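The structure under discussion appears below in the form of structure tokens.
The values are calculated or read from the model by the stated rules, or taken from the named source; none is laboratory data. All values derive from a computational prediction rather than experimental measurement. Neighbour counts are summed over all protein chains in view; Cβ atoms, including those assigned to glycine, are modelled from backbone coordinates with ideal geometry. To get the accessible areas, we keep the full protein, side chains included, count just its heavy atoms, and leave off ligands, DNA and RNA. Shrake-Rupley method; radii C 1.70, N 1.55, O 1.52, S 1.80 Å.
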Amino acid sequence: MFERSRRRLAYWFALSMGSILILFAFTVYHRQVKDQMREFDARIYDQAKRIAASTTYQKQGESWLIDTENVSLRDRNALESKIIYIRWYDFQQRLLQFTGYSPHQRSQVTPGWQTQKYDFHLKGQPLSKHLRRLTLPLKDDGSPVGYLQIAVSLGPLQTSLARSRLFLSLGIPIALTFTGVVGWILGHFAMQPAKRSYEQLQRFTADASHELRAPIAAILSNAQVGLLASEDDDQERDQRLSNIVIQSKSMSSLVANLLFLARHEGQLNPQDVANIDLVELLSSIAEGYIDSAIDKDLRFEVDLPASPVEVHSDRDLLQRAIGNLLDNAFKYTPNGGKITMRLEPKPRQVLIKIMDTGIGIPEVDLPHIFDRFYRVDKARTRETGGVGLGLAIARQIIKAHDGKITVVSEAEKGTTVQICLPLQPQ
Amino acid sequence: MLILLVEDDSAQLEPLQTALSKVGHIVDAVQDGETASWLIKEREYDLLILDWMLPKVSGIELCRHYRNLNLAAPVLMITAKDTTADKVTGLDAGADDYIVKPVDVLELLARVRALGRRSPLWQGEMIELADLRLDLTHLTLERGVDNIQLSVKEFQLMEYLMRHPRQVLSRDQIEQALWSWGSEPESNAVTTLVRRLRQRLETLGAKDWLETVYGMGYRLHSPN
């Protein structure tokens, strides 16, 4: 699914960038043709002027005598070498003189610019070339004398434009390919956030369905096995019924947790919020864990300041959040380990730290541990650990208090969870 | 049938194991994939029932591993994963059937029966030896017009003997075939069971069919 979106993204990117590129290339080429043509024409015009200036005319009755003695083509430049012919006509358009290629037919003399194709034979091979012809009226004191016609091969111009076309025809596909590749790479980055949230949703659905189905599965099969038992087998039936009770309770607590998450999303209920003393709250929570510390042979240290620390909060919720964190610490710390709970008042905030020397959380799992139903143990073993809602609930509670919860953990070394609650301005 | 049942949640494992045992199957119930992957090499199962999500080795890996060993017993996957893609993955890994949790026990038993019918060793709902008939669905033994109900353990022994007629089966063989892996029957369990079955056979007038071969074991054969 993401591959297809990525392909389409790359495709549209290449297509739009490509069209812009092609449009741009054509504009540039078009301008180049016009510029080169203008420059070319200007040079022909200069040349024609020069030739016209060096031609002398003499009036002989009605007609003019044109003398081309002084016309010099010696200062050969690139243009002159490409001159095909120069022709002089009188004002009745009769050819008087010519150099270069000889006219094989009487051609129409129209003043101005023309582009023509002309055919000729070179060593018996028929060739055709394009030429640019300028016909300049010759005047003497304002009265028409005749015409000067100069034709130049368009060869050099065509060669230069052909080079441009070759460059573009190679360059555009290369640039398009490049755009496609860039689009493909960009597509990868553009897809990342969508892919991540999709994966998170997938994981949530899979995990939630596993957690919700497990107790139902157990209840159903216990009930059915109970029904299969023979009528006089009371012991079997009692066993099944008590299993169903246990499973229903675990199901009920799961549902309660889910409802809790749904209900307490967002704001705290103002009626439940009061100024409470964190020192008193934490020491009363800690008391509840003394027995489990003794059972598991854990060192449980509670480090609280002597004076009360008051925060504006919902006591029950805060107790639940801290309880969840302590539950985790006790669950994942092997016998003989150490758990520390510390309260550190700061000028504007208060920090509650719960540190353990437990099994820690692998780095890959750290970004997800606050997700609902997320468990480091992918097999979701029931014997060790809960359903994966404890940290999600803790975070939601702390967030509702405008606080922050962070976890630092090192596998096999231990985990530190830090809650940061804002203090009310006095 | 000898069934390997792998499910990590004991709350779900235990009732399924009980239900399967009640209808006469011998069930090896284990809670992790590692033990299971060792067991499939040790014992010849007639059916594998695997949960997908297992600690250490997943049900899918286990199934692939089993098929890679060129073992052909049917595999039934049980899982909470219910998308089509998951089912395809499961079946492609070599599973023969797929049940989504929560598992209906009656449905599971029906599917187990269906998979059993596909087995190359399938001989029908009845196994017969001369005029002795063992009903595999109702766990009853019939001879002529007489008909007795066997307990699960008696039935399992009878089935084992009838599937190996005229063969001498040692105490060890019987113990391994009839008791789940890891369970330790009392030293005289086989003897007691054989005595109980003989008493049942007596009511059908077939007490001398189950013969003790001294120093070797037991043998079921028709005296005629």
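Are any residues in the range A:302-315 surrounded by 13 or more Cβ atoms within 10 Å (Cβ to Cβ) and part of a strand (DSSP E or B), and if so, which ones? Across the range A:302-315, the qualifying residues are A:VAL302, A:GLU310, A:VAL311, A:HIS312, A:SER313, A:ASP314. Within the range B:49-69, if we keep just the residues that are open to solvent by 20 Å² or more (accessible area, probe 1.4 Å) and in contact (Cβ under 8 Å) with a residue 40 or more places away in the chain, the residue that is nearest to B:LYS81 (Cα to Cα) turns out to be B:MET53. Pairing each residue of the range A:305-320 that is among the polar types (S, T, N, Q) with any residue that is in a loop (DSSP other than H, G, I, E, B), provided the two are 6+ apart or on different chains, yields C-beta distances under 9 Å for A:SER313/A:LEU268; A:SER313/A:HIS401; A:SER313/A:GLY403. Residue count for the range B:31-48 under the criterion of being assigned to a helix (DSSP H, G or I) and surrounded by 23 or more Cβ atoms within 10 Å (Cβ to Cβ): the result is 2. Output the residues belonging to the range B:148-169 that are among the aromatic types (Phe, Trp, Tyr) and without any contact (Cβ under 8 Å) to a residue 24 or more places away in the chain. Selection gives B:TYR160 alone. Considering (1) within 9 Å of another protein chain (Cβ to nearest Cβ); (2) open to solvent by less than 10 Å² (accessible area, probe 1.4 Å); (3) closer than 28 Å to A:ARG375 by Cβ, the lone condition that B:ALA19 does not fulfil carries the number (3). Residues in the range B:177-191 that are open to solvent by 30 Å² or more (accessible area, probe 1.4 Å), at pLDDT 85 or above and within 15 Å of the chain's Cα centre (by Cα): 1 in all.
Close Cβ contacts (under 7 Å, 6 or more residues apart or on different chains) running from residues in the range B:170-194 that are farther than 17 Å from B:PHE155 by Cβ to residues that are open to solvent by less than 80 Å² (accessible area, probe 1.4 Å) and assigned to a loop (DSSP other than H, G, I, E, B) comprise B:TRP181/B:ARG43.
The set of residues in the range B:91-110 being more than 14 Å from every other protein chain (Cβ to nearest Cβ) and either of a type in the set (Gly, Ala, Ser) or in a helix (DSSP H, G or I) (or both) consists of B:LEU91, B:ASP92, B:ALA93, B:GLY94, B:ALA95.
Has the range A:240-251 got any residue that is at positive phi and within 48 Å of the chain's Cα centre (by Cα)? No, that holds for no residue. I need the full set of residues from the range A:134-154 which are free of Cβ contacts under 8 Å to residues at least 12 places away in the same chain and hydroxyl-bearing (Ser, Thr, Tyr), in order please. Residue satisfying the conditions is A:SER143 alone.
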